[in-house]
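Notes follow once the structure below has been shown.
The values are calculated or read from the model by the stated rules, or taken from the named source; none is laboratory data. Everything numeric in this text was worked out from a predicted model, so none of it was measured. Here the Cβ positions follow ideal geometry from the backbone for every residue, glycine too, while neighbour counts run over all protein chains shown. Just the protein is used for accessible areas: all its heavy atoms, side chains included, with ligands, DNA and RNA removed. Shrake-Rupley method; radii C 1.70, N 1.55, O 1.52, S 1.80 Å.
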Amino acid sequence: MEAILTDCVQHSLRDFMHSNAIFICERLCAEFPSETNLQLLASCYLRNNQAYSAYHILKGTQLAQSRYLFAMSCFRMDFLNEAETALCPPNEPSVEVPNGAAGHYLLGLIYRYTDRRKSAIHHFKEALSIDPLMWAAYDELCVLGAADEASVVFGEAAARCIQKQYLHHGSSTQNLHVSNEDRNFASVRHLSLEDFSSRQLKHMQGNNIRDIPGNYHHNSTVSGGASTQSLTGSSSNITFYNTPSPMATQLSGVAPPPLCRNIPQNGPNLSAVGADSSPKSTVNSTVQAPRRKVVDEGKLRKISSRLFIDSGTRRSTRLSGDAGANTNAASTMVTGNGTTNSSKYLGGSKLSSMSLRSMTNRKGQTWSNENIDDGIRNETFDDARLNVTSTTSGSSASVDSRSLEHEGATMPGGVILNTSRIISGTSEVLSLLGTLGEGYRLSCMYRCQDALDVYLKLPHKHYNTGWVLSQVGKAYFELVDYLEADRAFSLSRRASPYSLEGMDIYSTVLYHLKEDMKLSYLAQELISTDRLAPQSWCAMGNCYSLQKDHETALKNFQRAVQLSSRFAYAHTLCGHEYVSLEDFENGIKSYQSALRVDARHYNSWYGLGMIYLRQEKFEFSEHHFRMAYQINPSSSVIMSYLGTALHTLKRSEEALSMLEKAILADKKNPLPMYQKANILMNLENFDEALEVLEELKEYAPRESSVYALMGRIYKRRNMPEKAMLHYGLALDLKPSATDVATIKAAIEKLLVPDELEDSL
């Protein structure tokens, strides 16, 4: 009876019938109360996003796997101290972290979110040493800025580790398989064999109904494309088995479109994306557009710190974009998009010309929507997990089985593991992960052009996937090349219309391009796909912010924070909206909340610097700009404002040096050139200032603030006619109402000497 009930639970979990699994498992625990069965019941609740139930079931249990599941329940409920105690009991300092690599990974997350960076890095590296294929641990190391080069992490040591694991499995599998068969037949010994066909018997052998005690708890997956082992040793044949779809729990009044529309059997989306083009041509296809339309895109904001001090801080890298074009809501829901949760950002100011809203929403999201299967290696080894290999590589295995059956061990399901195939397969997997890992590491270090070059080395079939194209879009976004970023994200949507990876950044790209219709349409699509994902509400908030409805935008960003308190980008976007509403106190709180989630979220450091600059707390401003600069030393916008802060502290030489670096970093960014001219004017180097402004006019011929500053310089040089000419040109370019008033006031005082003007 116990075996039958266990098998039923396993089948229900594999078929995503979580409520049925819970019901049957409760019967199992009532009839056969044991800690192993309680583990199975807790895993059912965890997969059904009922961490509180698993928490109460496992509280006080002692087995290693029970402690791991209890820690996972605590983590999802944000009981981080209890989770840490379960993994590392204080009264047993020498006890091993349960569940191998997955246990170290979970412990690393706990240390990360409790501001113990060194301990977090140690455990993430430990997880990688145990399981070199645990990409999630390398992802976290990249986010923390502590990742080694991918060629080292996925090098020879990793290859030896993987080969050792699979060769060990190959030699031990036959004995395991035999014992499994014995147990399966014993479980049906009261039934007549005539009632079963040979196919049914084979099916029972392939889906083991009991766990085999043992110490096979780490690095036990056999197939590269399959999901990780489930809590009880079974595994799924579906690659996205780990993430239960939240579609059934959505609150939308209109049911979202079905997933199957977006996953045709022959994969037309992928073939359409990149079939016959190189990776580079995929993104850079058609005519190469200019890097940045300074004037047409409205990138050059009113930036004079004195003339236009009223301007408000805009989105994190959203250093640009003041336009308030009305957004015609791109209505309706589009074809079905599935759901995955994945998911950074900088404060912007109206004083800016480039938009820095460039945040990569690094690992800001909670695990609440992630399945417990992610990263788990169970302490028991079940032959059912091995059936994954027969599904993913069945055709090739059947072709080569005759020639190889004498060379290696036969795995359950008919797959043959021989040494040469293991070595070649390991080399291919690690080579792929090495390229992906190095590109992602460089991207997290904000060496975006280098990252793009690495991604181009990927094979077409991997480059043209949703995740890679999304990373390409983020890299272009950080380079302030919004047109290319738009192209890359559009291709990512075509390749994976069900994925939300990077969609918060994509919405910011559309915000800067002032594509109100596309942004509205994207927000509607994301909400219909998953209204419980923070990326969806960030896109909706950007849509309202583009329409200058900051209060409604703030509500949407706050909704994203409620859905995932560890989504750093949502906190930063809240800070931007508070600054737009002149609520600096709450803006500071939001930026600080983002930094508690991700200390390397440079957009929040930048946002704090902008607030302190506007409050004339120049030392605080310089400190926060410098922190942002240390994280992202390639940002021209951050260097520009750091130079401005240094100038306000009477450190003009340092300021000019920093502004020169900013100009070299991005020669098409008009902001540092404007700031340099402003400083030169204050130092009374009028000729140099005018030279810089004349050059700046080539990049921003229709920016009124440039002509207004030239008018001020000519007034200081006692040339009222030229000053009047440039003030007039500035008014002709239709600046904002506040700027118009400032320029008219300057015209009225045109004939007043500077000495008297200061006393008026």
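Miscellaneous remarks
- Qualifying residue in region 70-92 (condition: in a helix (DSSP H, G or I), outside the structural domain of LEU46 (by the TED database) and among the hydroxyl-bearing types (Ser, Thr, Tyr)): no
- Each residue in region 108-145 was checked for being closer than 21 Å to LEU87 by Cβ and not in a helix (DSSP H, G or I), and 6 pass.
- All helices (runs of 4 or more DSSP H) inside region 651-760 with 3 or more residues being open to solvent by 40 Å² or more (accessible area, probe 1.4 Å): 652-665, 686-699, 720-732, 737-748, 754-759
- Test: TYR498 is touching a helix residue (DSSP H, G or I) at 6+ places or on another chain (Cβ under 6 Å), of a type outside the set (A, V, I, L, M, F, W, C), in a loop (DSSP other than H, G, I, E, B) and open to solvent by 20 Å² or more (accessible area, probe 1.4 Å): yes
Yes or no, residue by residue, for (1) among the hydroxyl-bearing types (Ser, Thr, Tyr); (2) at pLDDT 95 or above; (3) open to solvent by 20 Å² or more (accessible area, probe 1.4 Å); (4) more than 22 Å from PHE567 (Cβ to Cβ):
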| residue | (1), (2), (3), (4) |
| --- | --- |
| LYS59 | no, no, yes, yes |
| CYS74 | no, yes, no, no |
| LEU87 | no, no, no, yes |
| TYR105 | yes, yes, no, no |
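- Near pairs, Cβ below 8 angstrom, 6+ apart or cross-chain, from region 64-91 (on the phi < 0 side of the Ramachandran plot) to any residue that is in a loop (DSSP other than H, G, I, E, B) and among the charged types (D, E, K, R): ALA64/GLU96; ALA64/GLU379; GLN65/GLU379; PHE70/LYS59
- When ASP195, ASP131, ASP139, ASP115 are screened for being modelled with pLDDT of 50 or more, of a type in the set (Asp, Glu) and either over 30 Å from GLY439 (Cβ atoms) or buried (at least 21 other Cβ atoms within 10 Å of the Cβ) (or both), only ASP131 passes.
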